[in-house]
Amino acid sequence: MGNSLDGKVAIVTGAGRGLGKSEAIALAKEGARLVIADLGAGKDGSGTDEGPAGQVVEEIKGFGGEAVTAFGDVGDHGAAGATIKKAVDTYGDVNIIVNNAGFCIDKMIFNMTSDEFDAVLRVHLKGHFNFISQACSYWRQKAKAGDDIYGRLISTTSEAFLYGSVGQPNYAAAKAGIVQLTLVAAQTMVKYGVTANAVAPRARTKMTDEGLTAQMFAKPEEGFDTFHPDNVAPFVTYLATPMAAKISGQVFVVWGKQATLMKSPTPGERFENDADAMWTIEGLDQKVSPYFKDKEEPLGESFIVPYF
Ligand SMILES: NC(=O)c1ccc[n+]([C@@H]2O[C@H](COP(=O)([O-])OP(=O)(O)OC[C@H]3O[C@@H](n4cnc5c(N)ncnc54)[C@H](O)[C@@H]3O)[C@@H](O)[C@H]2O)c1
């Protein structure tokens, strides 16, 4: 137990299970008062169950922490506002938003329906927008009224956004959008002292309990359990503390004993027309094709990677 978040109020979405549960408990152990926002949805987003969020609240109360549940759907903008209101009504303020809730519906791009695309965009990207926009609006109003604010936005992206994850067109697109949304929030809110960062975790949860990923993330018979979701929670908690005040607009890949800071996209090869004129197709072929001619795969081998 620590005290780096004494007096702070945190909302963690999807905190009934998996990574969100670990993160909520870690924040509470540092003194934060928690809203456990979880619909108790099934693996594909269907159904609701108030049990998981209620159990996390009991666990937090069990070690002397404070927590309440909120059962709204993160994809609903009004429900996100109601969750923030619940935090303010219950604890007097809101300071930390960990956007984490979500589910996957994995299909190849040629098999995915429009509804399957929309559902995953809605829960991840729109879910993040809902809480980020409602929290930023709350903090801005407080600042305008002359009140002190303390704000931390922590988003959950995925390495799927980096690598064009085959089988996850909806999820990879949503996670890419979440990164940009986080960077926008970081730039917008810097004048209020609010930080916004994203983590791309790897962990053994309901979301990763099948196939190749389940094998890779399996609990070892002995030694450090690299893919336990608890391993991600300290980094998320650190980002929420005053110690991380100067960290904003960053993306970290977090798992096991490591956190990797992702670099911003940097310009690569530049192709320039020698003539003082607009490109012609032939001119582009002369300049661009030689650069790609020796590549065996159209995208290059680095793109053939597993997703998380
Ligand atoms: N597990 C990994 O390796 C991994 C890798 C990259 C990213 N992530 C991301 O981490 C986050 C947490 O995933 P997890 O692995 O802990 O999954 P999980 O399935 O264990 O937990 C997700 C939680 O989100 C809740 N939820 C789903 N839809 C909701 C909705 N509409 N409203 C409110 N709550 C809802 C579920 O009830 C569930 O408790 C997700 O954003 C996921 O994309 C996980």
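Quick note: the coordinates plus some simple rules give every number you see, no bench work behind them. In this text, all values refer to a predicted model and were calculated from it rather than measured experimentally. Reconstructed Cβ throughout: ideal geometry from the backbone, glycine too, with neighbour counts over all protein chains shown.
Largest GNM mean-square fluctuation across 189, 112, 278, computed for the chain with C-alpha springs under 10 Å, falls on 278. Bridgeable lysines around residue 29 (alpha carbons under 17 Å apart, same-chain partners fewer than 8 residues away excluded): 8, 21, 61. Annotation: the antiparallel percentage among DSSP beta bridges lying fully within segment 9-261 is about 15. Structure remark: mean-square fluctuation, Gaussian network model of the chain, C-alpha springs under 10 Å; the largest value among 279, 139, 255 belongs to 279. Taking K and R as +1 and D and E as -1, what net charge do the other residues with C-beta under 11 Å from the C-beta of residue 94 add up to? Net charge around residue 94: +4. Relative to the longest principal axis of the Cα atoms of the chain, the long axis of helix 169-189 makes an angle of roughly 70 degrees.
Pair-distance distribution of segment 1-132: all C-alpha pairs, bin width 5 Å, starting at 0; shares per bin in whole percent are 2, 12, 21, 23, 18, 11, 7, 3, 2, 1, 0. The charge dipole of segment 9-261, taken about the Cα centre with unit charges on the Cβ atoms of Lys, Arg (+1) and Asp, Glu (-1), comes to about 800 debye, rounded to the nearest 20. In terms of the mean number of neighbouring beta-carbon atoms within 10 Å, the peptides 115-122, 239-246 order highest first as 115-122, 239-246. Over the residues of the chain, the helix contribution to mean residue ellipticity at 222 nm works out to -11500 deg cm²/dmol, using -39500 (n - 2.57) for each DSSP H run of at least 4. Hydrodynamic analysis of segment 98-248 uses the Kirkwood radius over alpha carbon pairs. Inserted into Stokes-Einstein at 10 °C and 1.306 mPa s, it gives a translational diffusion coefficient of 94 µm²/s. Rounded to the nearest angstrom and listed largest first, the equivalent-ellipsoid semi-axes of the chain from its Cα gyration tensor are 36, 24, 19. Counting only the backbone N, which residues of segment 18-40 are under 18 Å from the spot 7 Å out from the Cα of residue 147 toward its beta-carbon? Under 18 Å, as judged by backbone N against the label point of residue 147, lie 33-35 of segment 18-40. Just 24, 70, 79 to compare: in a GNM of the chain, with alpha carbon springs under 10 Å, which one fluctuates most? Result: 79 has the largest fluctuation of those listed. Relative to the longest principal axis of the Cα atoms of the chain, helix 77-91 runs at roughly 40 degrees. Taking 0.36 nm per residue of separation and subtracting the current Cα-Cα distance, fully stretching the chain between residue 277 and residue 291 would add 2.9 nm. Short-range pairs are left out: with C-alpha atoms under 8 Å and at least six residues apart, the relative contact order of the chain is 16 percent. Compared with the dominant Cα axis of the chain, that is its longest principal axis, helix 18-29 is turned about 50°. A straight line joining the Cα centroids of segment 1-33 and segment 62-97 runs 12 Å. Comparing 166, 216, 275 along the charge dipole axis of segment 153-276, the residue lying farthest to the positive side is 216, per the Cβ-charge model. Between beta-carbons, use under 15 Å as the cut-off and find the net charge around residue 224, counting Lys and Arg +1, Asp and Glu -1. So the environment of residue 224 carries a net charge of 0.
Among the listed pairs 85/246; 246/295; 126/287; 126/246; 43/85; 126/295, those with a Cα-Cα distance over 32 Å are 246/295; 126/287; 126/295.
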